[in-house]
Every structure is written in C-alpha cells, then in structure tokens.
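Notes follow once the structure below has been shown.
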Amino acid sequence: MNRELYDETHEDFRASFRSFVAAEILPHNEKWEEAGRVDRDMFRRAGELGFLAMAVPEEYGGLDQADFRFNAIIGEELQRAGVIGSGMCITLHNDVALPYLMEETNDEQRKRWLPGMVTGELMAAIAMTEPGAGSDLAAIRTTARREGDEWVINGAKTFVTNGLNADLYIVVAKTDPTQRHKGISLIVVESGTPGFTHGRHLDKIGLRSQDTAELFFDEVRVPAANLIGGEGEGFKILMRNLAQERLGLSVSAISACRTALAWTVDYCAERSAFGQRVLDMQNTRFKLAELAARFDAVEMFLDQLIVKHNRGEVSGDQAARAKLLTTELQRDIVAQGLQFHGGYGFMREYPIARAYLDVPIQSIFGGTNEIMREIIGRTLE
C-alpha cells in the first residue's frame, strides 16, 4: 500500500542512508557476523554523515531534528539490507540511549556527552538487565552508595547491547536498597573506569554481529555529577522512555516483515514444482495473502503511532500494542517464508534463514511479549 508517512525530505534521507549501508556495512557484514561485533570506524562514519543523535540541539553539535521518522527510516533500511545486527549499534544509540542523555541531563552533562554522541566518538549503552532480574526491574541488585562527591557501584549486568563497544553506560542501580521502584536511579559509567570490567562476549543464535556482553562493577567510583535525573527517579524515567524503545523495535519488526515477504514472493515466483510456479499454488497464495493483509493493517497502525509519537501523544499501552503486533507478525511471516523456501530456507546463505534466527529476541527484549499483554490487559477494565 502507498504510505503517507514520509515526505520528500525523508526520502532524500533514506537514499543517503541506503548508500551508507551499501558502502559501509554490507561489504563487512559477513566478517562482523563471525567476529560478533562491528568495527567502530563504521559507527564514527555514521556520525560524520549525520546519522547519529539527530535530535541533539545545534548548540551541542546536533541537527536539532527530533522527527522520529528519520529514526524509523534507519531501522527500515537496515532490515531491507538484511544487516540489522550490524546496524543495531546505531538504532540503540539513537532510539534507546539518546533520550536519557538528552532529556534527563543538565547543561553540564549535555556539554560533556552530547557532542560525542553526535560525532560517533561516544557510543552509548544502557545496562539494565541482570542475571536475576529482567522484566521485573524492581528486583535489580546492583547498588550505588553515595560517598562524598562520588557514587560507588557494585553489581553485575547481562545482555547489554553495545556492551563491548560502548563508551558510556547508563547503569540502572539501587541507590536505596530498602525500596523497590522508588529506590532506582540512573548513573552514567564511562568505559575504563577502575573496577568496571567486561565479562563474557555472549554467544547468541541471532543478531550475531551486534555485540552483547556481561558487565561487572566492583567498587566502581564515579562522580556524583554522573547521576541523571533525580535520585530515586530512575524507574519513572525508564517507563517514560520505554515507549520510544518499543516503537523503535516495532519499526524494525514491521520492516523485517516487509523484507521477508518480498524475499518469499520472489522465491515462490521463481521456483517451480509439479509443473507450475510455487506462487501459483492455491495454498501458497492463500497463506501469503493472509500475511500480506495482516502486514498492511499493522503497518498502518504503526505509521499512525509514529505520527502521534512526534506530537508526544503515544501512551505506554499503545507502544506495547505495537510491539506485540509487529513482533508476533514478524515471527509468523519469517517462519512461513522459511517453509516456502523449502530446504534452501535452512541454509544460512539464504537471508530468510538468518532472519529466522534473528526473530526470537524480538519478542523478548524491550519487555517480553508476555509483559506487553499484561500492560495492555490492564487498560481493558
């Protein structure tokens, strides 16, 4: 269907970013898949070309372009090229980490961190999940105690995206262990701080080129000025920013749907069985027709939410609906696409096989789909 979400300026941006992907990511994607992480030079090149932290105000070196449609285009193009793992360092930096460092900071903190966020000299990550605490953030055990002009952090984090390559880590910690949600604060830890170490480079089944790691904090001392937001305000800030994170994940999921459908239709149009194209078989057409109809409906819903998000009107339950619908559809489309590819769908040389390995995490990170159902369910009474 014709989309009305983008205008000429957005399409010019898309063409530029598509060229960047073709020149800077695609030629290296196989190598990065094997290495389990991308080359930081690619990330810095993205900064040079204006693809990082676009929302940052001009006074800090940014473009002052807070239109989330530009973020969406980046997610769409990475999925279109089949390199979402290599490009996730960009989407997490822009969609997830940046709002914390731009909206919850004071002027001194912005001057310290935002210029590097724009140029790519600084890559950001958020250290939230722990070995014993995922969706239940109130159960985190990492602590930060105040000693004079410093915070002293102890604990461990896992499943940290950009965990190896990042320079700035927004650490979710308990500054008051006697409290649950009200005891959570956000503190920025810089790579290289004494006592802060990287653990295992985690071996994932999908998104191979996106570096994911464990982090450990042993009496890590950081300036008191590295607290962002107010003390004890961390949980409220996290909940506020999760809506954009989930929209970004939804964009990635619906874009993966579009790409996988195209791969499957093209394959079925070329492949013959029993004297006819696979696409001419009624079962094939009916299955793909149903998925295409679902795709159109969900994409229109998501496009509306992106427009509302630009106006600051998207609620947490709406973002949860988007993540639930798009990621469940992605699972169905990619699984059916692999099935229609037959034995070739099981071969990693075919992009549908790699997409199949990337699917499971979509319904887990950013809050599991079970949590999305719980959030939505609470609005029904």
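Between residue 103 and residue 216, what FRET efficiency follows from the Cβ-Cβ distance if R0 is 35 Å, with the result rounded to 0.05? For R0 = 35 Å, the calculated efficiency reads 0.75. At q = 0.14 Å⁻¹, work out log10 I(q)/I(0) for the chain with the Debye formula, treating every Cα as an identical point scatterer and leaving solvent out; two decimals please. Debye output, listed in q order: -1.24. So if I take the centroid of the Cα atoms in the stretch 1-74 and the same for the stretch 84-98, what is the distance between those two points in Å? First find each Cα centre; the distance between them is then 10 Å. Here the chain is assigned +1 on the Cβ of each Lys and Arg and -1 on the Cβ of each Asp and Glu. Its dipole about the Cα centre then comes out at about 980 debye.
Straightening the chain between residue 121 and residue 225 buys 35.3 nm, computed as 0.36 nm per residue apart minus the Cα-Cα spacing. In the stretch 165-216 the Cα-Cα distances spread across 10 Å bins starting at 0 as 21, 39, 31, 9 percent of all pairs. Just check the stretch 260-305 against the gyration tensor rule for me: Cα atoms, a ≥ b ≥ c as the square roots of the eigenvalues, rounded for a/c under 1.5, and otherwise prolate or oblate depending on whether a/b exceeds b/c. Cα axes put the stretch 260-305 in the prolate bin. The stretch 286-340 and the stretch 195-259 have their alpha-carbon centroids 23 Å apart. Annotation note: GluC sites (Glu not before Pro) in the stretch 233-331 located in DSSP loop regions with a Cβ neighbour count of at most 12 within 10 Å are 313. Measuring gaps between exposed loop sites in the chain (trypsin sites (Lys or Arg not before Pro); DSSP loop; at most 13 other Cβ atoms within 10 Å), the longest gap, sites not included, is 4-310. Using only alpha-carbon positions in the stretch 125-230, the gyration tensor eigenvalues give semi-axes of 23, 16, 11 Å once each is multiplied by 5 and square-rooted (largest first).
For the stretch 186-221, no residue has its backbone nitrogen under 17 Å from a point 7 Å from the Cα of residue 370, taken along Cα to Cβ.
Between residue 293 and residue 181, the modelled labels are 4.0 nm apart [label points 7 Å from Cα along Cα→Cβ]. In units of the rule-of-thumb radius 2.2 N^0.38 Å, the stretch 132-188 shows an alpha carbon radius of gyration of 1.14. In summary, the lysines within cross-link reach of residue 111, defined as a Cα separation below 25 angstrom excluding same-chain residues under 8 places away, comprise 236. Beyond a 22 Å Cα-Cα separation, which of these cross-linked pairs lie in this structure: 157/323; 174/308; 287/308; 31/204? Pairs exceeding the cut-off: 157/323; 174/308; 287/308. Spacing of the modelled spin labels on residue 381 and residue 147, each 7 Å from Cα toward Cβ, amounts to 4.6 nm. Dividing the C-alpha radius of gyration of the stretch 332-381 by 2.2 N^0.38 Å, with N its residue count, gives 1.56. Taking a cut-off of 17 Å, what percent of all Cα-Cα pairs in the stretch 76-115 are separated by more than that? Distances greater than 17 Å cover 42 percent of the Cα pairs.
Computed over the stretch 8-122, the range of Cα coordinates on each principal axis works out to 41, 35, 20 Å, biggest value leading. Taking only protein heavy atoms and a 1.4 Å probe, the accessible area of the stretch 125-230 is 49% carbon and sulfur. Using a probe of 1.4 angstrom and keeping all protein chains present, the accessible surface of the stretch 171-315 works out to 47 square angstrom per residue.
In terms of its alpha-carbon gyration tensor, the stretch 235-379 comes out prolate; a/c meets the 1.5 threshold, and the first ratio a/b outweighs b/c.
The values are calculated or read from the model by the stated rules, or taken from the named source; none is laboratory data. Because the structure is predicted, anything quoted here is derived from the model rather than measured. Quick reminder, even Gly has a Cβ in these numbers, built from the backbone with ideal geometry, and neighbours come from all protein chains shown. Accessible surface is based on the protein model in full, side chains and every heavy atom, while ligands, DNA and RNA are left aside. Shrake-Rupley method; radii C 1.70, N 1.55, O 1.52, S 1.80 Å.
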